[in-house]
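What follows is a set of notes on a single structure, which appears directly below.
Bear in mind that the values in this text are calculations on the coordinates, not laboratory data. Please read all numbers here as calculations on a predicted model, not as lab measurements. Glycine also receives a Cβ, built like all others from the backbone with ideal geometry; neighbour counts cover every protein chain displayed.
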């Protein structure tokens, strides 16, 4: 790794430690470019991709696949047509641990009207991710194991305890931190 690459990694680790949850070590995150179907800001656009004949159009923001915590293939296209909350968390993050109950409550209270998906990463590790899901009681929502950071990069998320909220058309309507009350207010407005 070049001297510049090491400097970027050190600065990234410092930013994550200050902005997020302090830990003794901050895992590296991959730095690949955003996917080709991104807007000029890099955030996936909501424009629809060609669906299968007779199917509803899938917004570009939901045109990705991932793996769930239990190793199953997850196709985000299944979320199309309803508002979606993507909750980005790390197993080692105290703020994520504190937010888990509120996120699970939103999933429970808005089931069938809004989709909530956890996206675990930032070097959490498979075992720690599974333990976090069990300990925090968030097994009722889909949780993706994304230690490689593919979904994180897709939505340009660089820190844990971060939300990306999409309306029913797949348009990003919020990107950033939310208090439990603000999360519930946003979801209430979208659930209509």
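As a test of the definition: which semi-axes, in Å, follow for segment 88-164 when you take the square root of five times each eigenvalue of its alpha carbon gyration tensor? Largest first, please.
Square roots of five times the eigenvalues give 18, 15, 11 Å.
Going by how many other beta carbons lie within 10 Å of each one, how would you line up 174, 162, fewest first?
With the sparsest Cβ surroundings first, the list reads 174, 162.
Using 7 Å Cα-to-Cβ label points, what is the residue 134/residue 68 separation (nm, one decimal)?
According to this spin-label approximation, the distance is 1.7 nm.
Between segment 63-85 and segment 146-172, what is the C-alpha centre distance in whole Å?
What the calculation gives is 12 Å, centre to centre.
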